[in-house]
1. Looking at region 139-160, is at least one residue in contact with a Cys (Cβ under 9 Å, 6 or more places away or on another chain), assigned to a loop (DSSP other than H, G, I, E, B) and in contact (Cβ under 8 Å) with a residue 40 or more places away in the chain?
2. I'd like the full set of residues that are loosely packed, with under 14 Cβ neighbours inside 10 Å, at negative phi and not in a loop (DSSP other than H, G, I, E, B), limited to region 92-124.
3. Scan region 90-105 for residues that are touching an Asp or Glu at 6+ places or on another chain (Cβ under 7 Å) and not aliphatic (A, V, I, L, M) and jot them down.
4. Could you give every pair whose Cβ atoms fall below 7 Å, whose first residue belongs to region 122-137 and is under 19 Å from Ser18 (Cβ atoms), and whose second residue is assigned to a helix (DSSP H, G or I), counting only separations of at least 6 or pairs across chains?
5. Confirm whether Ile50 is under 21 Å from Leu123 (Cα atoms), surrounded by 17 or more Cβ atoms within 10 Å (Cβ to Cβ) and within 12 Å of the ligand (Cβ to nearest atom).
6. Are any residues in region 147-165 β-branched (Val, Ile, Thr) and within 20 Å of Glu136 (Cβ to Cβ), and if so, which ones?
7. Exactly one of these conditions fails for Tyr89: (1) crowded, with 20+ Cβ neighbours inside 10 Å; (2) within 16 Å of the ligand (Cβ to nearest atom); (3) part of a strand (DSSP E or B). Give me its number.
8. Can you work out which of the residues in region 6-30 that are away from the ligand (no atom under 15 Å from the Cβ) and under 21 Å from Val143 (Cβ atoms) is nearest to the chain's Cα centre (by Cα)?
Amino acid sequence: MAIKTIITEPNEILRQISKPVSSVGNQERKLMDDMLETMYAANGIGLAAIQIGVPKRIIVMDISKDGKKNPMYFVNPKIKNKHKEKSTYEEGCLSVPNYFAEVDRPKYCEVEYLDYQGENKILKAEGLLATCIQHEMDHLEGVLFIDYLSKLKKTMIVKKLSKRKSNTDRIIV
Ligand code: ZN
């Protein structure tokens, strides 16, 4: 396993639409292992492959709170059912460091996907799990949570993030 670099906004890679995986083999499992290690190291609860620069429809998550690890793997996830009722969480994103905002999303959803072994599964998600899987699935479409905010707020966040980025690279010698 290896910890990868997480790509942060603004970066065109994050706006790519990820491609379906034809089958789950050792290469995909290695990618999922790396993604999980990267996510744990960054203290995140979800990560999409595109966030480490791989445009494949693969997500890892772990929303357990008691310190016991409970990794979840989703390959080619598809939402089958979305509830009309909404829930609101204050969301953050490993690709949008240090910013948080409230986002409304369907409270319940049903997701069909392939697991770590490549087996077809259906998950009925609600609450935090539903929000998290929907946030991660947005990444597969090149969508970030800041896209749900007002244009003004989004522009401000992106501007601040790019300033922070350029500051890191700037050297005066
Ligand atoms: Zn995210």
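The values are calculated or read from the model by the stated rules, or taken from the named source; none is laboratory data. Since we're looking at a predicted model, the values are computed, not measured. Backbone-built Cβ (ideal geometry, glycine too); neighbour counts: all protein chains shown.
1. Yes: one or more hits.
2. Selection gives Pro97, Phe100, Glu102, Asp104, Asn120, Ile122, Lys124.
3. Once the filter is applied, which keeps residues that are touching an Asp or Glu at 6+ places or on another chain (Cβ under 7 Å) and not aliphatic (A, V, I, L, M), region 90-105 yields Glu90, Ser95, Phe100, Glu102.
4. From region 122-137, the pairs are His135/Phe145.
5. So Ile50 does not fit the description; no.
6. Scanning region 147-165 gives a single hit, Ile157.
7. (1)
8. Out of the qualifying residues, it is Ile17.
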